[in-house]
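Single-structure report; data block below.
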Amino acid sequence: QVQLVESGGGLVQPGGSLRLSCAASGTISSFYVMGWYRQAPGKQRELVASVTSLGTTNYADSVKGRFAISKGNAKNTVYLQMNSLKPEDTAAYYCYIEESGLDSWGQGTRVTVSS
């Protein structure tokens, strides 16, 4: 079973930046997709960004140009650099990995954008 550990959430003012980190451990196939979903209170969970083991990235329209997902040097680690944060980015952010037909999720990290 794959375990995911997230870090990096917190409180930031509008226009500020945060970087989220996610490390996956366990047996992972050579091809996978890792990324981040978020869920704001009263809203459905939505995909924020993803990256494949080959480096292909995908972003929600609402974060294009502001967020950047990248793979770390350590295997099975991904980062989400969030710039120009807006109050509407406030949500719980969940790391996930899809591999071998299975999804695994992290425990979530809270991001609050407020003055």
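Laid out as a table, the results:
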quantity: Of all DSSP beta bridges in the chain, antiparallel share, percent nearest 5; calculated: 95
quantity: Theoretical gain in end-to-end length, Arg110 to Ser21 [0.36 nm per residue, Cα-Cα removed]; calculated: 30.8 nm
quantity: Relative contact order (percent, whole number), the chain, Cα cutoff 8 Å, 6+ residue spacing; calculated: 36
quantity: Given charges at beta-carbon only (K, R positive; D, E negative), |dipole| of the stretch 12-66 in Debye; calculated: 140
quantity: Electrostatic dipole magnitude of the chain [Cβ: Lys, Arg +1; Asp, Glu -1; Cα centre; debye, to 20]; calculated: 260
quantity: Among Gly65, Gly15, Gly42: highest mean-square fluctuation, GNM of the chain, C-alpha pairs under 10 Å; calculated: Gly42
quantity: For Gln81, net neighbour charge (Lys/Arg +1, Asp/Glu -1) across residues whose Cβ lies under 14 Å away; calculated: +3
quantity: In range of the label at Glu88: residues from the stretch 56-79 whose backbone nitrogen is under 17 Å from the point 7 Å along Cα→Cβ; calculated: 59-67
quantity: The chain: C-alpha pair distances exceeding 25 Å, %; calculated: 16
quantity: Mean Cα-pair separation over length for the stretch 1-67, i.e. relative contact order, pairs under 8 Å, 6 or more apart, %; calculated: 22
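Since every read-out is calculated from the coordinates, none of them should be taken as a lab result. Just so it is clear, the model here is predicted, and its values are computed rather than measured. In this analysis, Cβ positions are derived from the backbone assuming ideal geometry, glycine residues included, and neighbour counts consider all displayed protein chains.
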